[in-house]
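Read through the structure below, which is laid out as structure tokens, and then see the notes.
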């Protein structure tokens, strides 16, 4: 699998693997110090619990260091990318092999989507991420934060994702 030429597991996690990822030979855990997390099935459900009114029955395939989410939509039989702070999802592909062995390997995706250079600076400052952690800007970008390096801290991916989902859904109700 070409994915493993670019991503190495730095912290494994236990739990039931999502069968579509297991079929590809992917194991759940932290890759490249936290640049990417492949969660176990139980954690996937927890990460997306707050997003269910918007995303329906979805499964997290991977998350970025900044808590953004690549997910599989059963309804559309496709992979989408959820920019958590914006509360917007974008179609990526219908092919999981393409996601992991092509899309995620492109240099422009590393910079524009995974934000690799910013993540590397934050890993140097805050250390590598553990399983189910992400980098959180305080204040959040959607609340006027500027996303500068000194505003980030490490936080729980599950808590962060669900708090932002609540905020996104609340703002939608107000519109």
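The values are calculated or read from the model by the stated rules, or taken from the named source; none is laboratory data. If you're wondering where the values come from, they're calculated on a predicted model, not measured in any experiment. Please note: Cβ atoms are built from the backbone with ideal geometry, for glycine as well, and neighbour counts cover all protein chains shown.
Condition first: in contact with a strand residue (DSSP E or B) (Cβ under 7 Å, 6 or more places away or on another chain), at negative phi and at pLDDT 95 or above. Can you find one or more residues in the stretch 104-112 that meet it?
no
So that you can scan it fast, the table gives a plain yes or no per residue for (1) within 24 Å of residue 48 (Cβ to Cβ); (2) surrounded by fewer than 17 Cβ atoms within 10 Å (Cβ to Cβ):
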{"residue": "77", "(1), (2)": "yes, yes"}
{"residue": "86", "(1), (2)": "yes, yes"}
{"residue": "102", "(1), (2)": "no, yes"}
{"residue": "114", "(1), (2)": "yes, no"}
{"residue": "119", "(1), (2)": "yes, no"}
{"residue": "123", "(1), (2)": "no, no"}
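Whether any residue in the stretch 13-21 is in contact with a helix residue (DSSP H, G or I) (Cβ under 7 Å, 6 or more places away or on another chain) and at pLDDT 95 or above is what I want to check.
no
Filtering the stretch 119-146 down to residues that are free of Cβ contacts under 8 Å to residues at least 12 places away in the same chain and part of a loop (DSSP other than H, G, I, E, B), which residue is farthest from residue 8 (Cα to Cα)?
The qualifying residue farthest from residue 8 (Cα to Cα) is 144.
Kindly establish whether residue 98 is surrounded by fewer than 18 Cβ atoms within 10 Å (Cβ to Cβ) and either without any contact (Cβ under 8 Å) to a residue 60 or more places away in the chain or over 13 Å from the mean Cα position of the chain (by Cα) (or both).
Yes.
Determine which member of the set 61, 26 is at pLDDT below 95, under 17 Å from residue 103 (Cα atoms) and crowded, with 21+ Cβ neighbours inside 10 Å.
The unique qualifying residue is 26.
Can you find a residue that is under 20 Å from residue 5 (Cβ atoms), over 12 Å from the mean Cα position of the chain (by Cα) and not in a loop (DSSP other than H, G, I, E, B) anywhere in the stretch 33-44?
For the stretch 33-44, residues under 20 Å from residue 5 (Cβ atoms), over 12 Å from the mean Cα position of the chain (by Cα) and not in a loop (DSSP other than H, G, I, E, B): present.
Mind counting the residues in the stretch 59-79 that are part of a loop (DSSP other than H, G, I, E, B) and in contact (Cβ under 8 Å) with a residue 60 or more places away in the chain?
Qualifying residue count for the region: 3.
Note down all Cβ pairs under 7 Å where the first residue falls in the stretch 10-30 and is assigned to a helix (DSSP H, G or I), the second is buried (at least 17 other Cβ atoms within 10 Å of the Cβ) and modelled with pLDDT of 95 or more, and they're at least six residues apart or on different chains.
Every condition considered, the pairs that remain are 20/72; 20/96; 21/38; 21/61; 24/96; 24/100.
Do we have any residue at all in the stretch 153-171 that's over 23 Å from residue 70 (Cα atoms), at pLDDT 95 or above, in contact with a strand residue (DSSP E or B) (Cβ under 6 Å, 6 or more places away or on another chain) and part of a helix (DSSP H, G or I)?
no
Only residues that are surrounded by 14 or more Cβ atoms within 10 Å (Cβ to Cβ), out of contact with any helix residue (DSSP H, G or I) (no Cβ under 9 Å at 6 or more places or on another chain) and within 18 Å of residue 86 (Cα to Cα): list them for the stretch 125-150, please.
The one that is surrounded by 14 or more Cβ atoms within 10 Å (Cβ to Cβ), out of contact with any helix residue (DSSP H, G or I) (no Cβ under 9 Å at 6 or more places or on another chain) and within 18 Å of residue 86 (Cα to Cα): 141.
For the stretch 30-58, which positions are surrounded by fewer than 24 Cβ atoms within 10 Å (Cβ to Cβ), on the phi > 0 side of the Ramachandran plot and at pLDDT 95 or above?
Correct list: 32, 33.
Go through (1) within 30 Å of residue 53 (Cβ to Cβ); (2) assigned to a helix (DSSP H, G or I); (3) modelled with pLDDT of 95 or more and name the single condition residue 82 misses.
Single failed check for residue 82: (2).
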